[in-house]
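Q: Here you go, one structure.
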Amino acid sequence: MGFPVFRCVLGSDENNSVVEVAEDFSEVVRTGASNLAPFPLREIAALGRKVLFGESNRLSGRIGLHHPFYDGRAHPSTIDGLNSLVGRLCLGEIQGREIDPDIREGSAVVLGGPVSTWEARLIFGKGETSPLIGVPLPFSFEYRDQMVEAIQSRIEPWELVVEGARTPSVKECCIVTVLPMGAGDRIVNIAGLHGAGTRAIDFVLRDGRLLETIERQTRGLVGWQLFVEVHSTHDETPIGLRDVQVREIRGADFDSLRYSARNKLFIGTMREQLDDEDWPVLQSAVVLHRSATVARSGRAHTVAPNQERETMSDSVQSGLKRATSSDSPDDKLMRLADTLGDDIIKMSDEEFRDIADELGGVDALVSKFDEAFEDSTREVARRAIASK
């Protein structure tokens, strides 16, 4: 399940409010939230809380730890989204605490889409009918049939699905899904098509006029989705919003969902529905991208050092080979360059020397990147190599 990362009281005296954050994340969130929103506007923050969580008086948050490129760790964009949520909504002073994994009261926000977060998989399903509410969602993602390709290529081929139809023309977006839970609480999922889409929640939460429009359009709706098309750079940084739409989720038995969603998502489990044949997502990806010891649901999971070094070396070499022979669009090559550069940064000095030696030295490794990539793209990996 998603990692329980924070909890707080909503609607209390903002000057004295506290956000209890899991100790492993508390300093990251404290720094990130203050950097993103050093002087947030209280009026906009209150409007943002109302739009997302209605009149709910408590909030708990979870993040996904199952992205195949970051298995056992949170995707960096998810942490950025968490920081935006805490900072832009003025949730309170951050204090490190141990967080109860069950969410027995209040609203819940889940950061991360169905690739990285199993709660989101139960909301979105396979891009067709939602397992949680039993009807298709207006906006969803196609990813299940592309998971093996992603694991092998280290490139995310996910696509947006709008009213059941794949929409490849949308390259990046943020989807916010709001569902009822209990008497007056909500489930809120924030999911990007890629990293920039998740990070773009910051643009939404700081735009008072946009929040006013969303509030008007969702007034009286029980379940709804917000679609925001995102303009982004090659390094998964959002730089602006394009099309914005709100759509009602129709046909669901929300009365039944109110009294079953908490048990299904946050106390009990529907994990038995996620059998390996239907969801070939994640156990096979664990060796792709992680340090020798990673946090898995709050516990350490150790990988044999030789296995890790061999996997990382093979990953970089196979990535270079794919790039050299690829006719992929520039944006896909850029993502591959970003991934390979990130792999190099994550290597220990010993691992880096090993792979450089296998390719004939550091100069030879630089030449390999020059052969595979062009212009500014190669600089991603060059900077990574220079960091070693």
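The values are calculated or read from the model by the stated rules, or taken from the named source; none is laboratory data. Bear in mind that the values here come from a model prediction, so they are computed numbers and not experimental data. All Cβ positions, even for glycine, are placed from backbone atoms using ideal geometry, and neighbour counts span all protein chains on display. To get the accessible areas, we keep the full protein, side chains included, count just its heavy atoms, and leave off ligands, DNA and RNA. Shrake-Rupley method; radii C 1.70, N 1.55, O 1.52, S 1.80 Å.
Q: Only residues that are free of Cβ contacts under 8 Å to residues at least 40 places away in the same chain and open to solvent by 10 Å² or more (accessible area, probe 1.4 Å): list them for region 133-151, please.
A: Going through region 133-151, the residues free of Cβ contacts under 8 Å to residues at least 40 places away in the same chain turn out to be 136, 140, 142-143, 145-146, 149.
Answer for region 133-151, where residues must be free of Cβ contacts under 8 Å to residues at least 40 places away in the same chain and open to solvent by 10 Å² or more (accessible area, probe 1.4 Å): Pro136, Glu142, Asp145, Gln146, Glu149.
Q: From the list Asp207, Asp185, Asp202, pick out the single residue that is more than 18 Å from Arg250 (Cα to Cα), charged (D, E, K, R) and open to solvent by 40 Å² or more (accessible area, probe 1.4 Å).
A: Asp207
Q: Suppose we filter Ala196, Ala191 for residues that are under 21 Å from Arg49 (Cβ atoms), touching a Ser or Thr at 6+ places or on another chain (Cβ under 9 Å) and crowded, with 24+ Cβ neighbours inside 10 Å; which single one remains?
A: Just a single option satisfies the conditions, and that option is Ala191.
Q: State all residues of region 59-74 that are open to solvent by less than 20 Å² (accessible area, probe 1.4 Å) and of a type in the set (Phe, Trp, Tyr); if no residue qualifies, say none.
A: Across region 59-74, the qualifying residue is only Phe69.
Q: Using the structure shown, decide if Ser256 is at pLDDT 50 or above and in contact with an Asp or Glu (Cβ under 8 Å, 6 or more places away or on another chain).
A: Here the answer is no, as Ser256 does not meet what is asked.
Q: Restricting to region 229-254, what's the tally of residues that are open to solvent by 40 Å² or more (accessible area, probe 1.4 Å), part of a loop (DSSP other than H, G, I, E, B) and in contact with a strand residue (DSSP E or B) (Cβ under 7 Å, 6 or more places away or on another chain)?
A: 1
Q: Going through Ser34, Ser56, Ser77 one at a time, which residue ends up being crowded, with 16+ Cβ neighbours inside 10 Å and in a helix (DSSP H, G or I)?
A: Going through Ser34, Ser56, Ser77 in turn, the sole match is Ser77.
Q: Within region 125-132, is there a residue that is assigned to a loop (DSSP other than H, G, I, E, B), open to solvent by less than 20 Å² (accessible area, probe 1.4 Å) and within 14 Å of Trp224 (Cβ to Cβ)?
A: yes
Q: Here is a further query. Could you identify the single residue in Leu41, Leu47 that is open to solvent by 50 Å² or more (accessible area, probe 1.4 Å) and more than 20 Å from the chain's Cα centre (by Cα)? Before the answer, list the steps.
A: On the way: Leu47 fails: open to solvent by 50 Å² or more (accessible area, probe 1.4 Å).
Residue meeting the stated conditions: Leu41.
Q: Pull up region 7-31, narrow it to residues that are open to solvent by less than 60 Å² (accessible area, probe 1.4 Å) and touching a helix residue (DSSP H, G or I) at 6+ places or on another chain (Cβ under 7 Å), then point me to the one that is modelled with the lowest pLDDT.
A: Glu14
Q: Just give me the residues in region 133-185 being outside any strand (DSSP E or B), touching a helix residue (DSSP H, G or I) at 6+ places or on another chain (Cβ under 9 Å) and among the hydroxyl-bearing types (Ser, Thr, Tyr), in sequence order.
A: If the condition is that a residue be outside any strand (DSSP E or B), touching a helix residue (DSSP H, G or I) at 6+ places or on another chain (Cβ under 9 Å) and among the hydroxyl-bearing types (Ser, Thr, Tyr), then Tyr143, Ser153 are the ones that fit.
Here is a yes/no grid of residues against (1) of a type in the set (Ser, Thr, Tyr); (2) closer than 22 Å to Gly54 by Cβ; (3) within 15 Å of the chain's Cα centre (by Cα); (4) at pLDDT 90 or above:
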| position | (1), (2), (3), (4) |
| --- | --- |
| Gly127 | no, no, no, no |
| Pro131 | no, no, no, no |
| Leu137 | no, yes, no, yes |
| Gln146 | no, no, no, no |
| Glu156 | no, no, yes, no |
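Q: Conditions: (1) surrounded by fewer than 24 Cβ atoms within 10 Å (Cβ to Cβ); (2) in contact with a Lys or Arg (Cβ under 9 Å, 6 or more places away or on another chain). Leu111 meets all but one. Number of the miss?
A: (1)
Yes/no matrix, rows are residues, columns are (1) closer than 18 Å to Val110 by Cβ; (2) touching a strand residue (DSSP E or B) at 6+ places or on another chain (Cβ under 6 Å); (3) in a strand (DSSP E or B):
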position	(1), (2), (3)
Ile187	yes, yes, yes
Ile190	yes, yes, yes
Thr198	yes, yes, no
Asp202	yes, no, no
Arg216	no, no, no
Phe227	yes, yes, yes
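Q: Can you name the residue in region 190-219 that is basic (Lys, Arg) and free of Cβ contacts under 8 Å to residues at least 40 places away in the same chain and, of all such residues, is nearest to Glu119 (Cα to Cα)?
A: My answer is Arg219.
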